[in-house]
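Q: Before we start, here is the structure in question, set down as structure tokens.
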Amino acid sequence: MDIRSGFRNAVPGIYGRVSRSYKTVCLFGDILHREVDLGLLRDVVKNFQGTSKKECSLCGFTGFFKAFGSPPRWDAQCPSCGSLERHRLLALLLNNTPSILASGAVVLHFAPEACITTLLKKLDIKYASADLDRTDVDLKLNIEDIDTSDEQYDIIVCSHVLEHVNDKDALSELRRILKPNGIIIIMVPIIEGCDMTYEDDTIRNSKDRLIHFGQEDHVRVYGADFIQRLTGAGFQVKVHTAFGKEAVRFGLFMGEKIFLCSKAG
């Protein structure tokens, strides 16, 4: 047994305090060595626990929301239910437009987020969650090749999934299993200042995908042409956008969009 292990086992409380102090000294040493912008660091510390009180459209919490992401987005995460901006935007849409989820609707939810699952399960619908890799879902389905018959679902929820997969195949499959009068609720991260979607099939490893697409498991960055991808896949599209006082009140990402897709005639 080395000296460090012996010290830790003999007096764990003292060891813990010494260890934390040492790590703090190392952190500040690293900050000074790297010439970190201390003004930026102060800004992060000041705003990390929230800049102003917000309201959660999912759980009803009112108070300060936490920062989330890298780089951090202020006022992004509800500390009560864990919802992010996109979850609260979707909840507002569903709460304000109850006709979308009619009683008895058959609903399929890909890559289910816990807070949205909780919301949907409170409704009088036939709900099923789906994912290819997760084990905590109702159905094991590959969105690029969905193992179910045609025209099965009234509503399909597909939030922040398409940027991870072959979206041409996925959209074709989603359209196939949607009932004639059904709706697919789609959300994706978009840089609308870019006219075109940026993708490159030769970028395959996680490190390069992080550099190019902003996340290790993303395969593209959508641009303003995303809606053309939807119409090109045979959908007519309505768009709901986070905006104004509602976005401020509920801590939404101003300009974030929900695409409501139905089969084009």
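The values are calculated or read from the model by the stated rules, or taken from the named source; none is laboratory data. Since the model is a prediction, treat every value here as computed from it, not as a measurement. When we count neighbours, we look across all protein chains shown, and the Cβ atoms used for this are built from the backbone with ideal geometry, even at glycine.
Q: Is it the case, given these coordinates, that Asp225 is in the same structural domain as His164 (by TED's automatic domain parsing), closer than 24 Å to Ser172 by Cβ, touching a helix residue (DSSP H, G or I) at 6+ places or on another chain (Cβ under 9 Å) and among the charged types (D, E, K, R)? Walk me through it before giving the result.
A: Numbers: in the same structural domain as His164 (by TED's automatic domain parsing): yes; closer than 24 Å to Ser172 by Cβ: yes; touching a helix residue (DSSP H, G or I) at 6+ places or on another chain (Cβ under 9 Å): no; among the charged types (D, E, K, R): yes.
So Asp225 fails the test.
Q: Looking only at region 58-117, count every residue that is touching a Lys or Arg at 6+ places or on another chain (Cβ under 8 Å) and more than 15 Å from Ala128 (Cα to Cα) and tell me the total.
A: The qualifying residues number 12.
Q: If you don't mind, another one. Take Met196 and decide whether it is on the phi < 0 side of the Ramachandran plot, touching a strand residue (DSSP E or B) at 6+ places or on another chain (Cβ under 8 Å) and either buried (at least 20 other Cβ atoms within 10 Å of the Cβ) or modelled with pLDDT of 95 or more (or both). Break it down into steps so the answer makes sense when it comes.
A: Values: on the phi < 0 side of the Ramachandran plot: yes; touching a strand residue (DSSP E or B) at 6+ places or on another chain (Cβ under 8 Å): no; either buried (at least 20 other Cβ atoms within 10 Å of the Cβ) or modelled with pLDDT of 95 or more (or both): yes.
Spelling it out, it is not the case that Met196 is on the phi < 0 side of the Ramachandran plot, touching a strand residue (DSSP E or B) at 6+ places or on another chain (Cβ under 8 Å) and either buried (at least 20 other Cβ atoms within 10 Å of the Cβ) or modelled with pLDDT of 95 or more (or both).
Q: Are there any strands (runs of 3 or more DSSP E) wholly within region 98-168 with 1 or more residues that are in contact (Cβ under 8 Å) with a residue 60 or more places away in the chain, and if so which? Don't jump to the end; show me each part of the working.
A: Values: elements: 106-110, 126-131, 153-159.
Filter on region 98-168 gives 106-110, 153-159.
Q: Something else now. Among the residues of region 239-255, write down those that are surrounded by fewer than 19 Cβ atoms within 10 Å (Cβ to Cβ), in contact with a helix residue (DSSP H, G or I) (Cβ under 9 Å, 6 or more places away or on another chain) and in a loop (DSSP other than H, G, I, E, B).
A: Once the filter is applied, which keeps residues that are surrounded by fewer than 19 Cβ atoms within 10 Å (Cβ to Cβ), in contact with a helix residue (DSSP H, G or I) (Cβ under 9 Å, 6 or more places away or on another chain) and in a loop (DSSP other than H, G, I, E, B), region 239-255 yields Phe253, Met254, Gly255.
Q: Does Asn166 satisfy being closer than 30 Å to Thr148 by Cα and surrounded by fewer than 20 Cβ atoms within 10 Å (Cβ to Cβ)? Before the answer, list the steps.
A: On the way: closer than 30 Å to Thr148 by Cα: yes; surrounded by fewer than 20 Cβ atoms within 10 Å (Cβ to Cβ): yes.
So Asn166 passes the test.
Q: Looking at this structure, is Ser172 surrounded by 15 or more Cβ atoms within 10 Å (Cβ to Cβ), of a type in the set (Gly, Ala, Ser) and touching a residue at least 12 places away in the same chain (Cβ under 8 Å)?
A: Working: surrounded by 15 or more Cβ atoms within 10 Å (Cβ to Cβ): yes; of a type in the set (Gly, Ala, Ser): yes; touching a residue at least 12 places away in the same chain (Cβ under 8 Å): yes.
Yes, satisfied.
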